[in-house]
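All remarks here apply to the structure that follows.
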Amino acid sequence: MALPTLTAVAQWASIAMPTLYAGITFQYSLTMHHLARTSPTPKLLARQWLALYQQGPRWVPPLINTAVLSNLFLAFYAVQTASQKYLHLLAAALSFSILPMTFVYFEPGINGACKWKAGLLLSREDGFEMAEGGMNNRIGVSVGRHSANEGARRWAEGVEMEALVVAWAGRNHGRWVLGVVAGVVSFWASRGG
């Protein structure tokens, strides 16, 4: 593929991928907030949240990684001004920041609390089984393992599933905002900075 074509594809991906991530994440937040208010039982809400949460590894890494790599390609290999280079680096950093935010803040906190509460509400008969230890040595954080720290576990034990899911949806809004900002910065850089 010729460099101008590759550059055009990278420009498209650097804008589209974080924006698509933002749209899906925004919709997840809205959906879970609505379900928290309308789900007939805490047990059903736990299953609904868990099903949605466990979809993340299927679509988040491909979108985020494509956005980061596209911006890095544009910053280091596409002909551009210094301003464009720094804007693409900023967009790459913004996109990438979603992953450590998830692993360091969400997993031991709100994600872990929701998984812990789901474990308290659901049983093997419900199809729920989650191992201890949030880190899977082969792939990092696992959606199939408990990851809550002690504070998150105590919090989960003291509140209803609805409150946890509403808190999750509220915090999740921060992640889609990062995606939008990364897409806008990429667009601005691609337009000439």
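Could you please state how large a percent of the accessible area of segment 1-66 is carbon and sulfur, counting protein chains only and using a 1.4 Å probe? Please report the intermediate quantities before stating the final value.
Details: 2370 of 3460 Å².
Carbon and sulfur atoms account for 68 percent of the accessible area of segment 1-66.
State in Å² the accessible area per residue of segment 55-157; use a 1.4 Å probe, count heavy atoms of protein chains only, and round to the nearest integer.
Values: 5400 Å² over 103 residues.
For segment 55-157, the per-residue accessible area is 52 Å².
Which label marks the calculated value of Kirkwood radius over Cα pairs in Å, given the options [x] 17.7; [y] 16.7; [z] 19.1?
[x]
³J(HN,Hα) across segment 113-119 via Karplus (A = 6.51, B = -1.76, C = 1.60, θ = phi - 60°), whole Hz, x for Gly/Pro?
5, 5, 5, 5, 5, 4, x
For segment 72-117, give the percent of accessible area contributed by carbon and sulfur heavy atoms, probe 1.4 Å, rounded to a whole number. Let's see the in-between values first.
Values: 1570 of 2050 Å².
After summing per-atom areas, the C and S share lands at 77 percent.
Under 20 Å Cα-Cα from Lys43, which aspartates and glutamates qualify once same-chain neighbours fewer than 8 residues away are excluded?
The reachable aspartates and glutamates, counting only those whose Cα sits under 20 Å from Lys43, are Glu125, Asp126, Glu129, Glu157, Glu160, Glu162.
Enter the accessible area of His146 (Å², nearest 10), with the probe set to 1.4 Å and all protein chains included.
His146 exposes around 10 Å² with every protein chain in place.
Would you work out the charge dipole size for segment 1-144 about its Cα centre, treating the Cβ of every Lys and Arg as +1 and the Cβ of every Asp and Glu as -1, and quote it to the nearest 20 debye?
Details: 9 positive and 5 negative charges, 28 e Å.
Around 140 debye, computed over segment 1-144.
Give me the distance between the Cα centres of segment 1-59 and segment 176-193, rounded to whole Å.
18
Top mean-square fluctuation among Arg175, Arg145, Arg124, Gaussian network model of the chain, C-alpha springs under 10 Å?
Highest fluctuation among the options: Arg124.
How large is the dipole of segment 64-193 about the Cα centre if only Lys and Arg carry +1 and Asp and Glu carry -1, each at its Cβ, rounded to the nearest 20 debye?
Working: 11 positive and 9 negative charges, 111 e Å.
So the magnitude is around 540 debye.
In percent, what relative contact order does the chain have, based on Cα pairs under 8 Å that are 6 or more apart in sequence? Write down the numbers at each step before the final one.
Working: 262 pairs, mean separation 71.6, N = 193.
Here the relative contact order equals 37 percent.
The values are calculated or read from the model by the stated rules, or taken from the named source; none is laboratory data. Source: prediction; values computed, not measured. With ideal geometry, Cβ positions are generated from the backbone for all residues, glycine too; neighbour counts draw on all protein chains shown. For accessibility, only protein heavy atoms count, side chains too; no ligands or nucleic acids. Shrake-Rupley method; radii C 1.70, N 1.55, O 1.52, S 1.80 Å.
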